[in-house]
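The block underneath contains the structure these notes are about, expressed in structure tokens.
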Amino acid sequence: MAGKPARPTNAIDQTRRMLSLVTYLRERPGAHVSDVARAFGITEDELISDLDVLPLCGTSFRGGDLLDIDTDGDRIWWHNPDLVAEPLRIAADEATALLVAARAVSTLPGLREGDRQALLRATAKVEAASGEAAGASSRLSVTFESEGGVFADVDRAISERRRLWIRYYSPSRDELTEREIDPIRLVSVGHTYVEAWCRRSEARRTFRLDRVAEIRILDEPSSPPEIELRDLSEGLVQPAAEDPEVVVEVGPGGRWVAEYYPHDSADELSEGGLRITLRTPDPASLRRLALRLGRDGRIVSPPELADSAREAAREALAAYDGLEGDQDGPYDRQEQGL
């Protein structure tokens with residue numbers, strides 16, 4: 001059976017096979033290469049390739065904790081199965097964290113009852129195996145923010161394929177808007193969001209649940225158009241080439257912007273600054289960034305956004321001066337940096 005693999009494999013298939021291979025070899029010391037390859041439905045070359053990787057695996061990177069497996073080409077030997085094949089045990093702090101999190105999740109109003117019961121059964125098993133750690137975890141509790149009720153309504157609307165009416169706060173515009181949306185899916189990227197088709201803008205939009213001021217499930221069926229779901233593995237904000245371009249200049253204290261905001265370029269300026277070019281579907285949302293930067297940065301273009309940021313800074317200073325009188329505060333004249 002030696003030769004090239006009979007079919008292509010991917011990393012997931014190989015990982016599953018190798019996990020099964022560890023158990024198989026533990027129970028069959030000195031197994032023949034041909035028998036093992038036949039049992040797993042792979043070629044002998046594929047098996048030898050797996051055996052080349054397994055000695056690099058173990059419970060840590062210390063030599064004694066790695067799998068000591070080798071072959072003479074005919075038979076396979078595992079020399080230290082009793083040292084590294086014992087079931088792993090979680091530490092007391094890990095058990096406490098797991099139990100506290102499990103109990104907190106089980107209280108979420110949006111959790112389906114079947115999932116809740118399954119979670120409670122799993123929690124009970126962990127409690128039984130955790131000993132004293134279970135008692136310590138019972139003295140701790142976590143309370144989720146009020147977005148849980150919104151989560152429940154969104155989850156129900158998705159499962160029943162019904163439209164939603166929401167009053168939504170947009171911090172970039174500092175306003176509440178009313179919208180009807182066809183929910184598509186719930187996603188969690190730092191915060192929890194609902195991705196939906198917005199009937200107001202006739203486009204796909206993403207709404208953060210903790211910014212939903214009011215929500216109602218409507219009788220109308222949800223009927224979003226056929227759209228390809230985005231891959232969010234690289235983050236929620238993924239600028240498109242057609243989005244408006246914004247140029248921001250920052251000093252040394254604002255270099256973090258290049259680390260946290262996806263950008264097209266970041267050119268070095270004198271004295272440690274950066275000229276950052278980025279794209280965003282909503283340039284007005286960057287006014288908050290400008291206020292946060294203060295004297296450490298300024299918006300260069302588009303000009304109307306730069307003017308808007310300066311005006312927002314003046315309004316913020318006026319409000320601050322109204323509270324503090326004539327005393328200089330930590331934000332005194334920061335608008336000059338915008």
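The values are calculated or read from the model by the stated rules, or taken from the named source; none is laboratory data. Keep in mind that what you see is a predicted model, and the values were worked out from it rather than measured. Ligands, DNA and RNA are excluded from the accessible area calculation, which covers all protein heavy atoms including side chains. Shrake-Rupley method; radii C 1.70, N 1.55, O 1.52, S 1.80 Å.
Observations on the structure shown:
- The string of couplings for region 27-34 from the Karplus curve (6.51, -1.76, 1.60, θ = phi - 60°) is 8, 9, x, x, 4, 6, 4, 5 Hz, one whole number per residue in order, with x for Gly and Pro.
- A 1.4 Å probe over all protein chains sorts Arg310, Arg288 by accessible area into Arg288, Arg310, starting with the largest.
- Under-5 Å amide H pairs with Thr43, H placed in peptide plane, nonlocal only: Ala6
- Under the Karplus curve 6.51 cos²θ - 1.76 cosθ + 1.60, θ = phi - 60°, whole-Hz ³J(HN,Hα) for region 43-48, x wherever Gly or Pro sits: 7, 5, 5, 4, 5, 4
- For Arg199, the accessible surface of its heavy atoms amounts to roughly 70 Å² (probe 1.4 Å, protein chains only, rounded to the nearest 10).
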